[in-house]
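Written out below as structure tokens is the structure these notes cover.
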Amino acid sequence: MAASGHRGLTRIVKAAGYSWKGLCSTFRHEAAFRQELLACAVLAPLALWLGEGGVERVLLLGSLILVLIVELLNSGLEAAIDRFGGEPHPLSARAKDMGSAAVLLALVHAALVWGLILLF
């Protein structure tokens, strides 16, 4: 039996509900996520239109989704760190900086994918 006591379809439904709650919470509390989601809403149709074939389309769309995934993880990391107090600590600052760097790399990755596919 699963640790939560739920099995099968019930566990999947509960997990989907928690995931939806996390998306809504991130949307409500994180401006960066809202901005990236807006960019995805604009760029996703362009990816489908500009991509020549399935592989290009999935690379263009996947690079956008990756940015959202990394932003969700970064936001979760920041929330967990902030929960333990507002006093500065070098490890907290390092962890937050690393999360921010991960978002930056995801954005650079997306820009490279889009640039290389659209230019070549």
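Here are the numbers for the structure shown:
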| read-out | value |
| --- | --- |
| Matching residues, segment 10-46, being farther than 27 Å from Ala111 by Cβ and among the charged types (D, E, K, R) | Arg11, Lys14, Lys21, Arg28 |
| Cross-chain or 6+ apart pairs with Cβ under 7 Å, segment 9-24 first and charged (D, E, K, R), then open to solvent by less than 70 Å² (accessible area, probe 1.4 Å) | Arg11/Ala2; Lys14/His6 |
| Of all residues making up segment 39-67, the number that are of a type in the set (Ser, Thr, Tyr) and on the phi > 0 side of the Ramachandran plot | 0 |
| Ser92 being touching a helix residue (DSSP H, G or I) at 6+ places or on another chain (Cβ under 7 Å) and either more than 22 Å from Trp20 (Cβ to Cβ) or open to solvent by 30 Å² or more (accessible area, probe 1.4 Å) (or both) | yes |
| Residues being farther than 26 Å from Glu78 by Cβ, among the aliphatic types (A, V, I, L, M), open to solvent by 70 Å² or more (accessible area, probe 1.4 Å) and out of contact with any helix residue (DSSP H, G or I) (no Cβ under 7 Å at 6 or more places or on another chain) - total across segment 4-54 | 3 |
| Number of positions in segment 55-71 that are open to solvent by 30 Å² or more (accessible area, probe 1.4 Å) and in contact with a Gly (Cβ under 7 Å, 6 or more places away or on another chain) | 1 |
| Filtered residues of segment 2-55 (kept if within 28 Å of Ala101 (Cα to Cα) and polar (S, T, N, Q)) | Ser19, Ser25, Thr26, Gln35 |
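The values are calculated or read from the model by the stated rules, or taken from the named source; none is laboratory data. Keep in mind it's a predicted model, so treat the numbers as computed, not measured. Quick reminder, even Gly has a Cβ in these numbers, built from the backbone with ideal geometry, and neighbours come from all protein chains shown. Only protein heavy atoms, including side chains, enter the accessible area calculation; ligands, DNA and RNA are left aside. Shrake-Rupley method; radii C 1.70, N 1.55, O 1.52, S 1.80 Å.
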